[in-house]
Amino acid sequence: MSEQEKIIQIAGSITVDELANQLGLSVTKLIGELFKNGIVATINQRLDFETASIIISELGIEGVKLEKKNTGIKTSDFHHELSDKAVPRPPVVAVMGHVDHGKTTLLDTLLNKKTVEGEAGGITQHISAYQLKHEDRWITFLDTPGHEAFAAIRQHGAMLTDIVIIVVAADDGVKPQTVEAIKFAQGANAKIIVAINKIDREGADIPRTMADLAQHGLQPEEWGGDIIMVPISAKRGDNLEKLLDMVLLTADIEELKADIEVPAEGLVIESHMEVGKGSVVNLLVTEGELKTGDFIVAGSTYGKVRTMLDFRGKPKGKATPSIPVTVTGFKELPNFGDRFQEVKDEKTARKMALLNAQSQSDELASSNVTSSDLLRMMNTVDNTKMFNVIIKGDVLGSVTSVVDSLKMIDTKGEITLNIVATGVGDITENDVYMAVGENTVIYGFNVTVPTNIAKMAARDGVSIRTYKVIYELLDDAKHSMEELLDAEVVEEDKGEMKIMGVFRTEKSSIIAGGEVLNGKVEAKMLGRVIRDKQYIGEVEVESVQKEKIDVKELISGEIGGLALKTNKKILMEVGDRIKFFTREMKKKTL
Ligand code: GDP
């Protein structure tokens, strides 16, 4: 037996086929696992490093290590080899955990406690990242409370996150999203610090929570493991200084560094349109220095940094690695998760954006090609139903989150979620037009429905549903998908009779008698008439008689007569068997 880890090298991305091969798995199994995770992939689809890592951990495959090819640093596949001029950078931290365990409270308390000059009030709603100062050093927090951001961060933020603080309520222990957070952090190669929260609560049990975590692979340092666990009260603020100390300690051990004498690069962490400003885009710089006036490209869009603000909304002349900023100047909205890059002039920017647009459409065109894929897809699409949705949200991040979370609903392969369109802003006439006739639901997240649009939708029979809480939206979607499921037919065998006499046969009724061989027969039961193993027809029991008196039932060993209803004329014969059963339609659930 070899103890050696198998190393799979990934240069940027890997195809489903190749990954399955390398893992020694069937492609179908891998595609199935991806599907469970909300990724509809085909055999030639390319998976990025983070997705591949997450899937491997979800599959529970051990002894395999993914390695990024040609990159010297772990956090992202677009970081370059660090030069010896690299300088320390602040850690980027995400807070994750089960709903109601206190993520928002922790972020809020930290923000109120630690922001310089107590400027929390001036912070806008969707900053998506902010900085705290502790011991005179900066820490960048991705502002991702709640489950809504989870799915999106899972897909895009992985490459940003150095440290994940997993919040676990001491009175509730490890819950499904805690496990999800652990997997996420491990898949993203981020360091984990556990904040055991709500220690002020009566039912708080720190040792039990630790044991719970240990069972899920996080061994506390106190017990000889390598995971730092800090008991805190996010609400009262207990031990938060210690938590931040641990963040800095972890950052020191990791020796987080970045080059700054290179063109600026980073990631789009939020984007939306604002009246009078155009595109407002939050970026997190990962290397280089971004300055106002720089030309930048992100995906298929580009622009010149017109204004740049820090997380407090104050003008900032330049942003160094790990620093989040809000910029204006992009011609169009880049996507959440897009990588941005500084280039030397407008011409280059335009050209690169165009090239990116082309390669994006090439990728789309080439991703689902082979005939066997098509066959497989047809096979699955054939017996699935479509749930069509249009999704509108207040900002791009929330739209992405809703989409990602919807995709994570396990429809057991019976419903295909079809996202007709997505967009930022209130529900419009156009959305309603798109939904008409297609049996499409329009979901609005944190947006409003102008009265005229609501009227129009009502007139055209289009369902618009707005939500402010993602869980409620997801519940609604799940419920709506369940409605689409066909009821399941459940049959239960009840008994069998051997026919000894047939007394009358009409077009749609029979009167016959016989002996119950096993089980029983009673009114309302259905029966299959069988002759020498051949199916003759179906009957329904109308009444049961014993010695010419109506009775409730005949049981095994008893002889009696039956009045039967039929759909068509059945010529029953002596010696036939009737197998009785009940049939129920059961609503399926997801
Ligand atoms: P999230 O869903 O993880 O963001 O959880 P929240 O931050 O919204 O917290 C859920 C509930 O737990 C709220 O009512 C909080 O006031 C409460 N809570 C959070 N942290 C603490 C804590 O340290 N102690 C106590 N007693 N309650 C807390």
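The values are calculated or read from the model by the stated rules, or taken from the named source; none is laboratory data. All of these numbers come straight from a predicted model, not from anything done at the bench. Quick reminder, even Gly has a Cβ in these numbers, built from the backbone with ideal geometry, and neighbours come from all protein chains shown.
Ile196 versus (1) at pLDDT 95 or above; (2) surrounded by fewer than 17 Cβ atoms within 10 Å (Cβ to Cβ): which is the lone unmet condition?
(2)
Considering only residues that are hydrophobic (A, V, I, L, M, F, W, C), out of contact with any helix residue (DSSP H, G or I) (no Cβ under 7 Å at 6 or more places or on another chain) and buried (at least 20 other Cβ atoms within 10 Å of the Cβ), which ones fall in segment 413-446?
Hit for segment 413-446 is Ala435, nothing else.
As an exercise: evaluate Ile578 against (1) assigned to a strand (DSSP E or B); (2) more than 54 Å from the chain's Cα centre (by Cα) and give the number of the one condition it does not meet.
Exception for Ile578: condition (2).
Taking the condition within 16 Å of the ligand (Cβ to nearest atom) and modelled with pLDDT under 75, does Phe141 pass?
In short, no.
Determine whether Glu289 is modelled with pLDDT of 95 or more and either of a type in the set (Asp, Glu) or farther than 16 Å from Thr400 by Cβ (or both).
yes
Exactly one condition in (1) under 25 Å from Thr589 (Cα atoms); (2) at pLDDT below 90 is not met by Ile442; state its number.
Here Ile442 meets the rest and fails (2).
From the residues in segment 85-108 that are at pLDDT below 90 and assigned to a strand (DSSP E or B), which one is nearest to the ligand (Cβ to nearest atom)?
Gly97
If you go through segment 239-255 one residue at a time, how many are within 12 Å of the ligand (Cβ to nearest atom) and out of contact with any strand residue (DSSP E or B) (no Cβ under 8 Å at 6 or more places or on another chain)?
1
In segment 200-228, how many are outside any loop (DSSP other than H, G, I, E, B) and either over 20 Å from Val179 (Cβ atoms) or more than 16 Å from the ligand (Cβ to nearest atom) (or both)?
Looking only at that region, the number is 14.
Restricting attention to segment 110-120, does a residue exist that is at pLDDT 80 or above, away from the ligand (no atom under 16 Å from the Cβ) and buried (at least 19 other Cβ atoms within 10 Å of the Cβ)?
no
Restricting attention to segment 279-294, which residues are in contact with an Asp or Glu (Cβ under 9 Å, 6 or more places away or on another chain) and surrounded by fewer than 21 Cβ atoms within 10 Å (Cβ to Cβ)?
Ser279, Glu289, Lys291
Considering segment 431-465 alone, what residues qualify as being farther than 21 Å from Met386 by Cα, touching a strand residue (DSSP E or B) at 6+ places or on another chain (Cβ under 9 Å) and not aliphatic (A, V, I, L, M)?
Phe445, Asn446, Thr448
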